[in-house]
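One structure is given below, encoded as C-alpha cells.
The values are calculated or read from the model by the stated rules, or taken from the named source; none is laboratory data. Bear in mind that the values here come from a model prediction, so they are computed numbers and not experimental data. In this analysis, Cβ positions are derived from the backbone assuming ideal geometry, glycine residues included, and neighbour counts consider all displayed protein chains. These area figures cover heavy atoms from the full protein model, side chains too; ligands, DNA and RNA do not enter into them. Shrake-Rupley method; radii C 1.70, N 1.55, O 1.52, S 1.80 Å.
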Amino acid sequence: MNSPTPLQHDRPDDEGRLVSTVIRERIRASGRRFHANDNIADFIRPGELDALLEEVAGQMSGVLRSLVIDTESDHNTQDTARRVAKMYLKEVFRGRYEPQPPVTEFPNAERLGELMIVGPITVRSACSHHLCPIIGKLWIGILPNEHSALIGLSKYARLAEWVMSRPQIQEEAIIQVADLLADKMQPDGLALVMEADHFCMGWRGVRDLDSKMINSVMRGAFLKDPNLRREFLALLGQRKG
C-alpha cells in the first residue's frame, strides 16, 4: 500500500490547523475569490484534498448529530458522513477542486465557417442556495472562422461537466461555459441554450415537478445576425422535438 502524500505546509504553525483554513488563507493572500462556482484547484497542494475530505466528513458528522440522527447504532447512517464528504469533493462538486480537463485543440485547416451544433449534453449540478440537484440538457452552437481552434466532440461535454460540477445557479453556469468556449475557440459566433429541472422547486418549496428553467447566451454573429440565430433555434427545435 502506498504511503499517503505528506502535506506541504506554508508556515511552521500550519500543522494541526484545519486544512480548509490553510487553503482559504492561501486564496485570500492571492487576492482571488472563492465563490461556490469558482475553481480553486490552483490553491490545493498534494495531499490536501484527502485531508479536506476527512475534515468535511468530521463536520458532516456534526451536522448529523445536530439533526438528532443516531449514527452510532443506526447501521444505515454509520458511514454516511464520509460518503457525503466523498460525494461532494470527488463527484458533484469536483469541478471546484480539480484542474481543467486537458483539451486538444486543432487548427481550422479547411477554414470551416458553417454553423455547428453540439448537443444535447447532459449537465448535472447543484443549486447554490439549497444544494439540491440541477439536471438538464445543454446545446451549443458555434460559428467558427479560419483562425478558430477546433476541439474534439467529447471535449464540449468534459468542459461543460467541469463547470457544472460546482454549486451553481443556472444563469451564471451557462455564462461560465460560454466564456470558457469563447476563450478556447475564438469563434465568430457562439450560442448556448440550457434547459434544466431544479430539485429545489420539485423536492421542496412549491414542489412543482413540471417547471423547468430555459436560458440562453448569444454572442458575436448569433447576437448580430437574426437569421443565424433563427437557424440555430429552428434546428434546436427539430432536435428537441
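Working ranking of peptides 113-123, 24-34 by packing, defined as the average number of other Cβ atoms within 10 Å per residue, highest first, is 113-123, 24-34. Computed per residue of the chain from DSSP H runs no shorter than four, each worth -39500 (n - 2.57), the mean residue ellipticity at 222 nm is -11500 deg cm²/dmol.
Per the 1.4 Å probe, what fraction of the accessible area of region 202-241, in percent, lies on carbon and sulfur atoms? Please report the intermediate quantities before stating the final value.
On the way: 1590 of 3070 Å².
Using a 1.4 Å probe with all protein chains present, region 202-241 comes out at 52 percent carbon and sulfur.
Since only 157, 187, 73 are under comparison, the one whose Cα sits farthest along the positive direction of the charge dipole of the chain, derived from C-beta charges on Lys, Arg, Asp and Glu, is 187. With no solvent and one equal point scatterer per Cα, compute the Debye intensity ratio I(q)/I(0) for region 96-241 at 0.08, 0.10, 0.18, 0.20 Å⁻¹ and report its log10, rounded to two decimals. For region 96-241 at q = 0.08, 0.10, 0.18, 0.20 Å⁻¹, log10 I(q)/I(0) is -0.23, -0.36, -1.05, -1.23. Extent along the principal axes, Cα only, for region 28-137: 66, 36, 23 Å, with the longest axis given first.
Of the peptides 191-200, 73-82, the ranking by mean beta-carbon count within 10 Å, highest at the top, reads 191-200, 73-82.
Dipole check for the chain: with +1 at the C-beta of Lys and Arg, -1 at the C-beta of Asp and Glu, and the Cα centre as origin, the magnitude is about 420 Debye.
Computed from point charges on the beta carbon alone (+1 for Lys and Arg, -1 for Asp and Glu), the dipole magnitude for region 109-241 about its Cα centre is near 280 Debye.
Could you tell me the relative contact order of region 187-241? Use alpha-carbon pairs under 8 Å, at least six residues apart, and round to a whole percent.
Averaging sequence separation for qualifying contacts and normalising by length gives 36 percent for region 187-241.
Across region 192-207, coupling constants 3J(HN,Hα) worked out from phi with the 6.51/-1.76/1.60 Karplus curve, θ = phi - 60°, read 10, 10, 10, 10, 8, 8, 10, 5, 5, 9, x, 9, 9, x, 6, 6 Hz, and Gly and Pro carry x.
Relative contact order of the chain: what whole-number percent is it, with Cα pairs under 8 angstrom and at least 6 residues apart? It would help to have the intermediate numbers written out before the result.
Details: 368 pairs, mean separation 38.1, N = 241.
Relative contact order of the chain: 16 percent.
Using a Gaussian network model of the chain in which every pair of alpha carbons under 10 angstrom is joined by a spring, one finds that among 84, 163, 92 the greatest mean-square fluctuation is at 84.
Couplings 3J(HN,Hα) for region 208-224, derived from phi with the Karplus relation 6.51 cos²θ - 1.76 cosθ + 1.60 (θ = phi - 60°), are 9, 7, 9, 6, 10, 10, 10, 9, 9, 10, 10, 9, x, 4, 5, 7, 8 Hz, where x marks Gly and Pro. What residue among 67, 159, 228 has the largest mean-square fluctuation in a Gaussian network model of the chain, using Cα springs under 10 Å? Comparing 67, 159, 228 in a Gaussian network model of the chain, the most mobile one is 67.
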